[in-house]
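Here the structure comes first, spelled out in structure tokens, and everything after it is commentary.
The values are calculated or read from the model by the stated rules, or taken from the named source; none is laboratory data. Just so we're clear, the structure is a prediction, and the values are computed from it rather than from any experiment. Note that we place each Cβ from the backbone using ideal geometry, even for glycine, and neighbour counts take in every protein chain shown. Ligands, DNA and RNA are excluded from the accessible area calculation, which covers all protein heavy atoms including side chains. Shrake-Rupley method; radii C 1.70, N 1.55, O 1.52, S 1.80 Å.
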Amino acid sequence: MNKQTLLGFILCIGMFFVTNLAHAEQTMSCSKGTYDMLDWMTLDSDLRSTQHLGGSANPIYTTMEPDKFYWTKGGNGSPWDIKLYDKKYIYLWITEYSWNDPNSYKKSDKNTNEPFAPRCASGGFPGWSMKIPDTSYQMHTSCNSSTYHNLKQGVNEIWGPYDLSFGGSLPDQTPTMVASYRYNCDSNYGSCGDKEEFYLQKRYGLVQWVHYTLLKGSYKEQQRSVFNQLKSGTTVPSFPCF
């Protein structure tokens, strides 16, 4: 192998590793057999810097901060779902109250009383499950006006991965994790009145959301949103109250 051929080979190897690093965004070191759930929940940095996911009902723009991330559902910066995270868990924290009013929102009362997923989750069916005894939250109709509520008992779980296809810009048969959020459960954490499922793909983040209600002992779908179109454009979250 002459010098030029060797140099070309080294450059090709270097390009291979750079490309694959861009497609393997890690937010923390997880042990073998577990999944970096913050990575699975968020659009990778090389995509979110210029793009977002368009959806059947609304878009999803991803914004990352050192202790939280936003799924922003409108190009004007609101509404949003905001999740907190630390070294152990990702937490349900804030969601909109009135879709068109960024001064209104619902917030977990103690900020971290609802773990949504571990930072490193085991795969399985489910791979992780946690009973949530405290589902209390504050409902803000304005920045300075709130009331207190709760969703009885809750159960949060991580399922998968499954190989699923959602069409659009997303590759077919892509490994998908499902974060299941059940609430309005009885005192034994059964017969939960509501269930939400968040379908998550590494690199793309949230690609589908489904809400079910319990009717006559089985869950019936009430609403579904698919986020499967990579589109140009970014936004800055607008949250006037904080």
For Leu21, which of the numbered conditions (1) among the aliphatic types (A, V, I, L, M); (2) under 23 Å from Lys231 (Cα atoms); (3) modelled with pLDDT of 95 or more fails to hold?
(3)
Which of the residues that make up the range 154-194 are free of Cβ contacts under 8 Å to residues at least 60 places away in the same chain and of a type in the set (Phe, Trp, Tyr)?
Trp159, Tyr162, Tyr183, Tyr189
Matching entry among Gln208, Gln229, Gln153 (being farther than 24 Å from Gly127 by Cβ and assigned to a strand (DSSP E or B)):
Gln229
Which of the following residues is basic (Lys, Arg) and in contact with a Ser or Thr (Cβ under 7 Å, 6 or more places away or on another chain): Lys83, Lys106?
Lys106
So which residues in the range 211-226 are open to solvent by 80 Å² or more (accessible area, probe 1.4 Å) and outside any strand (DSSP E or B), if there are any at all?
Lys216
Which pairs turn up if I take residues in the range 125-140 that are closer than 12 Å to Thr112 by Cα and touching a residue at least 60 places away in the same chain (Cβ under 8 Å) and look for partners that are open to solvent by less than 30 Å² (accessible area, probe 1.4 Å) and of a type in the set (Ser, Thr, Tyr) with beta carbon separation below 7 Å, at least 6 apart in sequence or on another chain?
none
Can you tell me which of (1) touching an Asp or Glu at 6+ places or on another chain (Cβ under 8 Å); (2) open to solvent by 30 Å² or more (accessible area, probe 1.4 Å); (3) more than 30 Å from Ser136 (Cα to Cα) is the one Thr174 doesn't meet?
(2)
Conditions (1) part of a loop (DSSP other than H, G, I, E, B); (2) under 11 Å from the mean Cα position of the chain (by Cα); (3) among the hydroxyl-bearing types (Ser, Thr, Tyr); number of the one not met by Tyr199
(1)
Give me the pairs: first residue in the range 44-73 and more than 21 Å from Gly167 (Cα to Cα) and among the hydrophobic types (A, V, I, L, M, F, W, C), second residue open to solvent by 30 Å² or more (accessible area, probe 1.4 Å) and assigned to a helix (DSSP H, G or I), beta-carbon distance under 8 Å, and six or more apart or on different chains, which are they?
Met64/Ser45; Met64/Arg48
What is the number of the single condition among (1) of a type in the set (D, E, K, R); (2) without any contact (Cβ under 8 Å) to a residue 12 or more places away in the chain; (3) in contact with a strand residue (DSSP E or B) (Cβ under 7 Å, 6 or more places away or on another chain) that Asp101 does not meet?
(3)
Any residue that is at negative phi, acidic (Asp, Glu) and assigned to a loop (DSSP other than H, G, I, E, B) - is there at least one of those in the range 172-180?
yes
Quick check on my filter: what residues within the range 102-128 are at negative phi and loosely packed, with under 14 Cβ neighbours inside 10 Å?
Lys110, Phe125
When you scan the range 180-196, do you find a residue that is surrounded by 16 or more Cβ atoms within 10 Å (Cβ to Cβ), small (Gly, Ala, Ser) and out of contact with any Lys or Arg (no Cβ under 9 Å at 6 or more places or on another chain), even just one?
no
Out of the residues in the range 85-97 that are touching a residue at least 40 places away in the same chain (Cβ under 8 Å) and outside any strand (DSSP E or B), which is surrounded by the most Cβ atoms within 10 Å (Cβ to Cβ)?
Tyr97
